[in-house]
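First the structure, in the form of structure tokens, and then the observations on it.
Bear in mind that the values in this text are calculations on the coordinates, not laboratory data. Treat the numbers as computed from the prediction; the structure is a model and nothing was measured. Here the Cβ positions follow ideal geometry from the backbone for every residue, glycine too, while neighbour counts run over all protein chains shown.
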Amino acid sequence: MYKKIIASILKAILLLITVSIVTFAMVEVSPIDAVESYVGEAGVTNDQRERIEEYWGLNEPPVTRYFKWITNFLRGDMGTSMIYRKPVTQVIGERFRLSLALMTASWIISGVMGLLLGIVMAVYRDTFADKVIRTYCLALESSPAFWVGMLLLLLFSVKFRLLPMGLASPVGVPFDEATLAQRIHHMILPALTLGLTGVSKITLQTAEKMRQALDSDYALFATSRGEGKWTFVIRHGLRNIMLPFITLQFGAISELFGGSVLAETVFTYPGLGNATVQSALKGDIPLFLGIALFSSLFVFGGNLIANILYTVADPRIREGAVR
């Protein structure tokens with residue numbers, strides 16, 4: 001166990017180093033002019049440009065700027081956001097709490113729906129219900145999150161006017177002053193968008209594993225003892241599909257984080273995904289680097305939790321590790 005912990009820490013360090021170098025290199029070769037993006041349409045003279053570059057350290061060689069940034073990062077200083085004029089850690093903290101609520105809601109929606117629909121497909125295989133669910137999954141699998149979000153927006157916000165078109169709170173009401181009901185009301189559409197687009201893989205994988213369990217010899221033995229399909233599913237089948245379900249559910253965190261960028265952009269939801277787009281388009285190098293490292297750790301943590309839960313779902317893995 002100690003070896004696994006040490007190996008995980010080393011992997012996390014290597015991941016952060018790799019992501020920081022690749023992200024910094026991508027920013028350097030980007031055609032976006034950070035100074036022009038910073039000042040907007042006002043324009044700058046050569047003297048003003050030099051002052052801005054000196055203030056933000058953009059006049060130094062890329063290698064020097066990278067090592068300065070990584071040194072400050074190791075001290076806990078991720079720099080100051082160029083567009084929000086706040087410390088990067090503060091911007092990430094403020095935006096992530098909004099994104100975390102959104103991703104948690106959509107993560108639960110996709111997990112619960114995927115598990116239930118997959119079980120229904122397995123139990124009622126080759127029936128009308130099986131074909132409808134399979135068609136639904138294949139259609140969503142080929143549909144990008146922003147397209148699904150726009151459809152939901154047109155349907156529930158424009159046509160029926162049941163849900164707000166965007167933001168995390170009503171217009172004119174700061175998020176901290178909004179009630180819980182108002183926050184949930186504004187989060188429904190983006191959460192549904194992310195949840196629905198993440199259902200298909202879990203559903204199809206769950207259905208396949210449950211069918212294998214239903215076709216097994218011990219399922220035949222349980223049937224001979226008088227157990228029905230649903231009784232077998234509850235007593236034995238769920239245990240058989242837990243490992244692949246955990247793998248897909250926690251492995252989907254990276255896709256969920258990427259999908260939140262598109263969903264937050266469609267619904268102008270002021271989360272971390274929206275801040276990622278703004279930092280990339282406006283050349284906010286410190287914020288973009290900070291978000292890249294933070295998201296990498298977030299995804300790595302999700303995969304680590306999945307590995308830990310494996311031993312809970314299947315004690316044989318834990319026993320094998322001990323031996």
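Roughly how many debye, to the nearest 20, is the charge dipole of the chain about its Cα centre, given +1 on each Lys and Arg Cβ, -1 on each Asp and Glu Cβ, and no other charges? Could you put the intermediate results ahead of the total?
On the way: 29 positive and 25 negative charges, 268 e Å.
For this selection, approximately 1280 debye.
What are the ³J(HN,Hα) couplings of the stretch 269-277, residue after residue, when phi is run through the Karplus curve with 6.51, -1.76, 1.60 and θ = phi - 60°? Round to Hz, x for glycine and proline.
7, x, x, 5, x, 5, 5, 4, 4
What residue among 84, 238, 168 has its Cα farthest toward the positive end of the dipole of the chain, where the charges are +1 on Lys, Arg and -1 on Asp, Glu, each on the Cβ?
The one lying farthest along the dipole's positive direction is 238.
Over the Cα atoms of the stretch 1-147, what is the Rg over Rh ratio if Rh follows Kirkwood?
Numbers: Rg = 23.6 Å, Rh = 20.5 Å.
My calculation puts Rg/Rh at 1.15.
If you count, for each residue, the other Cβ atoms within 10 Å and average over each peptide, how do 197-206, 95-104 line up from highest to lowest?
Working: 197-206: 23.0, 95-104: 20.0.
By packing density, highest mean first, the sequence is 197-206, 95-104.
Along the stretch 103-112, what does the Karplus equation 6.51 cos²θ - 1.76 cosθ + 1.60 (θ = phi - 60°) give for ³J(HN,Hα), rounded to whole Hz, x for Gly and Pro?
5, 5, 4, 5, 5, 5, 4, 5, x, 5
In a GNM of the chain with a 10 Å cut-off on Cα contacts, which of 31, 270, 190 has the highest mean-square fluctuation?
31
How much length is gained on full extension from residue 125 to residue 141, taking 0.36 nm per residue of separation minus their Cα-Cα distance?
On the way: separation 16, 0.36 × 16 = 5.76 nm, distance 2.02 nm.
Computed gain between residue 125 and residue 141 is 3.7 nm.
Using the Karplus curve 6.51 cos²θ - 1.76 cosθ + 1.60 with θ = phi - 60°, work out ³J(HN,Hα) for each residue of the stretch 223-229 in order, rounded to whole Hz, and write x for Gly and Pro.
Values per residue, Gly and Pro as x: 5, 5, 7, x, 6, x, 4 Hz.
Report the semi-axes of the equivalent ellipsoid for the stretch 85-205 in whole Å, largest first, where each axis is √(5λ) for an eigenvalue λ of the Cα gyration tensor.
One finds semi-axes of 32, 17, 12 Å for the stretch 85-205.
Name the long-range amide H neighbours of residue 80: under 5 Å, sequence gap of 5 or more, or other chain; modelled H, no Pro or chain starts.
Those lying under 5 Å, H to H, from residue 80 are 88.
Per residue and in Å³, how big is the convex hull formed by the alpha-carbon atoms of the stretch 175-323?
Working: hull volume 24.3 nm³, N = 149.
Looking at the stretch 175-323, the number lands at 163 Å³ per residue.
Taking the Cα centre of the stretch 1-127 as origin, work out the dipole magnitude from +1 charges on Lys and Arg Cβ and -1 charges on Asp and Glu Cβ, in debye rounded to 20.
My answer is approximately 880 debye.
Hey, how many Å between the Cα centroid of the stretch 1-66 and the Cα centroid of the stretch 150-222?
Answer, in whole Å: 35.
Would you grab the residues whose amide H sits under 5 Å from the one on residue 44? Only those 5+ places off in sequence or on another chain, please, with H modelled 1.01 Å from N.
Result for residue 44 returns nothing.
Can you give the angle from 0 to 90° between the axis of helix 285-313 and the longest principal axis of the chain, with both taken from C-alpha atoms, to the nearest 10?
Once rounded, one gets 20 degrees.
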